[in-house]
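K.L.:
Here you go, one structure.
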Amino acid sequence: MTAAAGTTIWRDLIHKPFFWGIVAILALLALNVIKDPTYLALSINPNNGNLVGNLIDILRQAAPVMMIAIGMSLVIATGGIDLSVGSLMAVAGAVSMEFLSAAGDSFGAALAAVGLALVITGILGAVNGLLVAYVGLQPFIATLVLMLAGRGIAKVITGGQNTTASNDAFRWIANGFVIGIPVVFILAVLIVLAVGWVVRRSALGLMIEAIGINPRASRMAGIKPKGLLLTAYIMSGILAGIAGIMSVGSVMTVDISRTGYQLELDAILAVVIGGASLAGGKFSLSGAFVGALLIATLDKTVLYLGVSSSATPAFKAIVIVVLCLLQSQRVRSWFRRRRRARPVEQLLHKEEVSA
C-alpha cells in the first residue's frame, strides 16, 4: 500500500461518524486504565468457567441500548422520533414477569413469555405508527402519549407491584454465556446484523431515507410513506420489547418505575453519535451500534471514577458535546483552514524578520 493510498483511507475513515465514537470509547477505557492498570483484565469465574471483568459488564449493559438505538435509527430516519421505547421496555418486562410467575419454570414458558411480550410491544408500536402515519399527529406528540401511558399500562398488568418470577431459560437470555461471551450481547449483535441485512439488502432502507429527506418527492416517486412509517414504528416497538426482556432477565424482576427509565434519551444520543440527523434521512446502524457501546462505556466510567450522582449528567454532557464537535464538518473545516494558514503566516513572519 502506497503512502497516498494510506492517506486516502485515513481521510475516509475520519469522516465516518462512528470513527470518533470508537476513539471516545478507547479514550474512556484508557482513562480507566490510568486509574487502575488492571481495569481491562479478564478472569474466569471458577464456579461456572465464564469470563468476568469490566469489559464483560460493558458488553452486557450495552445490549439493551443497542436494541432501542437500532429501532430509534429507523424512526429518526423517517423524520420522526420515538419517545415511548423506555416505557415499552417496562411493558415487555411486566408482561413477561407476570406470565412467568403463573406459568412456572419451563423452556416453553420462557418462549411464550418472550413471544407474548414482543407481540404486545409490536402492537403498541403499531399504535404509534397509526397515530403518526394515518391520524397525522406529530411524532413527538404521538409517542409522548405512549411514553406517559406505557408505564400506566405496565402498572395495570402487574397490579402496581414489582413482579418477580423464576425461569432458568429466561434468565439465561440475560445472564448466560457462549464461549465466554454474554448471550445478551451475542443476541444483540445478531439482531443488529439481521436488521442491517434487511434494510440494506432490500429497498426498505432507501425508501425510509427517501421519506425522511423529502416526503413529497418520495410520494411523487411512487413510494407510499404510510406503510413505511407504520413498519418503522412497529420495528421500534418490537426492538424495545427485546430490550425490556434483556433488562428484566438479569434480575428476573420488573421495576415499573425504573425499567427503561430515560433510556429513550440514551437511544437518541447513540443515534446522534452514530452520525444520523434528527431531521431525518440518512442513517447508520453501525454508527448506532458504536454509539450504544459508547453510552455503556461512559456509564461504567462514571461509576468507576466515582463521579457523584449530581455531577454525572454534566460529565456525560461534556463527553457527548466534545464528540459531536469532533464529528462536525464545520469544526473540522475550521481546523483545516487554520493548518493551511499557518505555513503562510510563518512565511510572512520570516520575510518581515529578513527585511
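K.L.:
Having 3 or more residues that are without any contact (Cβ under 8 Å) to a residue 40 or more places away in the chain is the bar; report the helices (runs of 4 or more DSSP H) wholly within the stretch 161-232 that clear it.
P.N.:
Those helices (runs of 4 or more DSSP H) span 183-201, 204-213, 215-220.
K.L.:
Regarding Thr259, is this residue in a loop (DSSP other than H, G, I, E, B) and at pLDDT 85 or above?
P.N.:
yes
K.L.:
Can you name every residue in the stretch 21-47 that is of a type in the set (S, T, N, Q) and outside any loop (DSSP other than H, G, I, E, B)?
P.N.:
Asn32, Ser43, listed by residue number.
K.L.:
OK, next. Take the stretch 293-320 and flag every residue that is in contact (Cβ under 8 Å) with a residue 12 or more places away in the chain, of a type in the set (Val, Ile, Thr) and either more than 11 Å from Asn32 (Cβ to Cβ) or crowded, with 20+ Cβ neighbours inside 10 Å (or both).
P.N.:
Ile295, Thr297, Thr301, Val319, Ile320
K.L.:
Scan Val156, Val119, Val145 and give me the residue that is at pLDDT below 95, under 20 Å from Ser236 (Cβ atoms) and surrounded by fewer than 21 Cβ atoms within 10 Å (Cβ to Cβ).
P.N.:
Step by step, each of Val156, Val119, Val145 is checked, and only Val145 is at pLDDT below 95, under 20 Å from Ser236 (Cβ atoms) and surrounded by fewer than 21 Cβ atoms within 10 Å (Cβ to Cβ).
K.L.:
Further question on the same structure: So which residues in the stretch 189-204 are closer than 13 Å to Ser286 by Cβ and not aromatic (Phe, Trp, Tyr), if there are any at all?
P.N.:
Val189, Val192, Leu193, Val195, Gly196, Val199, Arg200
Quick grid of which residues meet (1) buried (at least 17 other Cβ atoms within 10 Å of the Cβ); (2) among the hydrophobic types (A, V, I, L, M, F, W, C); (3) under 30 Å from Val322 (Cβ atoms):
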| position | (1), (2), (3) |
| --- | --- |
| Leu206 | no, yes, no |
| Ser218 | yes, no, no |
| Leu239 | yes, yes, yes |
| Ala243 | yes, yes, yes |
| Ser257 | no, no, no |
| Asp266 | yes, no, yes |
| Val272 | yes, yes, yes |
| Ala276 | yes, yes, yes |
| Ala279 | no, yes, yes |
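The values are calculated or read from the model by the stated rules, or taken from the named source; none is laboratory data. Just so it is clear, the model here is predicted, and its values are computed rather than measured. Backbone-built Cβ (ideal geometry, glycine too); neighbour counts: all protein chains shown.
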